1. Return the pair list, or none, for Cβ contacts closer than 8 Å from residues in segment 1-20 that are over 12 Å from Arg190 (Cα atoms) and modelled with pLDDT under 50 to residues that are surrounded by fewer than 16 Cβ atoms within 10 Å (Cβ to Cβ) and not charged (D, E, K, R), at least 6 apart or on different chains.
2. For the structure I just gave you, tell me whether Ala312 is assigned to a helix (DSSP H, G or I) and crowded, with 22+ Cβ neighbours inside 10 Å.
3. Just name the residue that is surrounded by the fewest Cβ atoms within 10 Å (Cβ to Cβ) out of those in segment 220-271 that are aliphatic (A, V, I, L, M) and outside any helix (DSSP H, G or I).
4. Return the total of residues in segment 284-303 being among the small types (Gly, Ala, Ser) and modelled with pLDDT under 90.
5. Are any of the residues in segment 286-302 of a type outside the set (A, V, I, L, M) and more than 28 Å from Ala346 (Cα to Cα)?
6. From Gly360, Gly336, grab the single residue that is part of a helix (DSSP H, G or I), at pLDDT 85 or above and not β-branched (Val, Ile, Thr).
7. What about Leu276, is it out of contact with any Phe, Trp or Tyr (no Cβ under 9 Å at 6 or more places or on another chain), hydrophobic (A, V, I, L, M, F, W, C) and either crowded, with 24+ Cβ neighbours inside 10 Å or at pLDDT below 85 (or both)?
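The values are calculated or read from the model by the stated rules, or taken from the named source; none is laboratory data. Everything numeric here is computed off the predicted structure, so don't read it as measured data. When we count neighbours, we look across all protein chains shown, and the Cβ atoms used for this are built from the backbone with ideal geometry, even at glycine.
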Amino acid sequence: MTDAAAPLLRDPDFRRLWAVGLITYLVRWLEVLVVGVFTYERTGSAFAVAGMLMLRLLPLGLLGVAFGALAARIPGRSGVLGMLGVQSLATLALLAAALTDRLEVWHVAVASVLGGMVWAADNPIRRAMVGELAGTARMARAMALDVGASNACKLAGPATGGLLLANGGMAGVLGPVLLLYAVAIVAVLRIRPRPRAAGGPPLGVFATIVDGLAMVRERPALAGALWVTVLFNLFGWPVLSMVPVIGRDRLGLGPDGVGLLASADGLGTLLGAVALATLRRPPPQGRAYVVGIVTFFLMVAAFAACTDVRWAAAALFVSGLGQAAFAVMQATLVFGAAPPERRTQAMGLLTMAIGTAPLGFLALGAAAEAMGAPMAAAASCAAGLLVLATTRRWWETCWAQR
């Protein structure tokens, strides 16, 4: 893997853009943990914790395709700078409020919405720019490096966020985050502007959606990959928002302990991704994708039942292995199932599928208020497995993909 990746990483422009993604992922996973802990400390509500992450995810379903249409009209470099600018201003405002002891939950909620808008723009803008820099022949390797960065940050982000929050409060978190954004902006400014490849006139938002849905009907493997993504985001991913609640209430952990517990999932994801990248004969993509989501559901349900922190961390670690297979194969299957000239539309549809997560967070938050976080988490995973089993005809073509 290293030899194959070296030519890409020797390209200074690609290396800078990859570093921007690394910073973006680190801050994203750091903020998910920090915002969850801060919100729960202020409100004592598991529903509010799930709602905060729901606000961050809501723009994905609403704006993913819109940003895909916008991305066809602006240079990628300008789009990435705009994304970083929005995040920097939001962080600066939160830092000012924290330093003056005026930071409230609603401030964090507004910043979460803005962060979600930037997240929705990531696939069609930054990741599309990654593909433009890498070229078609090196697209798969470039995406592997990007996914690897995300997995590494999923490990480092929660632990870093927990330690910063425990030792410096919200100001101790937001200051370093602002510095990281400054580094990312400098890196983007050093990327040479490049003309966009010539193509047909860009479609509007509505036309992009209609054309994309027609492509899904024509390609069952693409439809199956998107359906499994929907199931993960409705029933699986929302459960991770309960880690701070279960960690504090059931396992008796502080902010730093919660951060380390959440990092167990990231460690499993990172090691799983490395294993998949280095296998001489990787498993069939479709089977790894489905087995990955099943493993995730089973192990997160086991985590919710644990009363010992060691077993809880072990269950999260194994869930991370399953999530690695899911995450690595997700973009690979979507890219492979779409024709080259329509991959941007496919990525927009993938963003829309991920954007179904707020419905899952809303349902899980309400269930956690009614029956407690552990029971709600286990019930969500059981529901995901049941729906997956009863809709096999929708994803069996995806299962067959090599």
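1. Pairs found: Met1/Thr278.
2. Taking the combined requirement at face value, the residue satisfies it.
3. Selected residue: Leu251.
4. Selection size over segment 284-303: 2.
5. Among the residues of segment 286-302, not one is of a type outside the set (A, V, I, L, M) and more than 28 Å from Ala346 (Cα to Cα), which makes the answer no.
6. None of the other options fit; the residue is Gly360.
7. Yes, satisfied.
Let's see how each residue does on (1) without any contact (Cβ under 8 Å) to a residue 24 or more places away in the chain; (2) more than 14 Å from Ala221 (Cβ to Cβ); (3) surrounded by fewer than 22 Cβ atoms within 10 Å (Cβ to Cβ); (4) in contact with a Phe, Trp or Tyr (Cβ under 8 Å, 6 or more places away or on another chain):
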position	(1), (2), (3), (4)
Thr356	no, yes, yes, no
Gly360	no, yes, no, yes
Ala368	no, yes, no, yes
Thr391	no, yes, yes, yes
Ala400	no, no, yes, no
